[in-house]
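To keep things clear, I will list the structure first and then write my remarks on it.
Coordinate-derived values only; no laboratory data. Note that this is a predicted model, so its numbers are computed, not measured. Cβ placement follows ideal geometry from the backbone for every residue including glycine, while neighbour counts extend to all protein chains displayed.
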Amino acid sequence: MGKSIGMGVKVAAICARAGRSASGLSLGRERALDSLLFQRRPGEGYGSAVCSASMTLRFDTLDVGIARVEAHDVEFDARLVKRSDAAAFHVVLGGTLGEAHATPDEATAALAAGFSKVEWRGGASVRDGERPCPTCSAPVACWERYPSRLCIVCVLEAVDEQGRSLRFSNAAFSGGFLAMLADGTPYDSHVCWVRNTRCWADEARFGGIVLEPGP
């Protein structure tokens, strides 16, 4: 089974484990994504296949899309990105960095293989009901509780004061907050930096992780 298909199976398993759909959560699409996809096993972080303790990642968002699991009536935020340090393209699915591909078409095709339907909007411009990410200007769905939260791609770029890549996760399915360096070393702080902006990482209200500028 390919990695992209495995990702689709994992998403379906998450939905089944939750025992409810996005609409059943009585939340907006973005909130459902936070509560379903961002909840990981303790210590399971973002982009482990391509991160190292000394690597500072930078991405450019090229396109924004939706990946659907129709059997569970769930939609996941998908971002097509290019790494600025190499000619490689990835899909970021709800906060998880996919494998590297040589072309954008290869990256999007790999995602499509694991989902019922994937729709791309054909760009990364901000639409009604969205606002620019404070650190990269990519679109972020408006959420009153977190009016300045970073996009899911910028979360991948978080580093500590020494420039070491960070990972964030919930401590358990019930919530909580964990932070660690990309090599697994615990990071005992909520403070991080994204593109030279000081940020605060924390557990989101309905589970998941949220980053906002300051304090």
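Here are a few things to note about the model shown:
- Each principal axis of segment 83-163 carries a Cα extent, and these read 37, 35, 19 Å when sorted largest first.
- Förster radius 22 Å - calculated FRET efficiency between residue 109 and residue 88 (Cβ-Cβ, nearest 0.05): 0.90
- Under 5 Å, built H, 5+ apart or other chain: amide partners of residue 142: 130, 131
- Scalar couplings 3J(HN,Hα) for segment 83-92, obtained by applying the Karplus form with A = 6.51, B = -1.76, C = 1.60 to θ = phi - 60°, are 6, 6, 9, 6, 7, 10, 10, 9, 10, 9 Hz; x denotes Gly and Pro.
- Rounded if a/c under 1.5, otherwise prolate or oblate - segment 132-215, Cα gyration tensor axes: oblate
- A full extension of the chain between residue 198 and residue 145 corresponds to an added length of 17.1 nm, given 0.36 nm per residue minus the alpha carbon distance.
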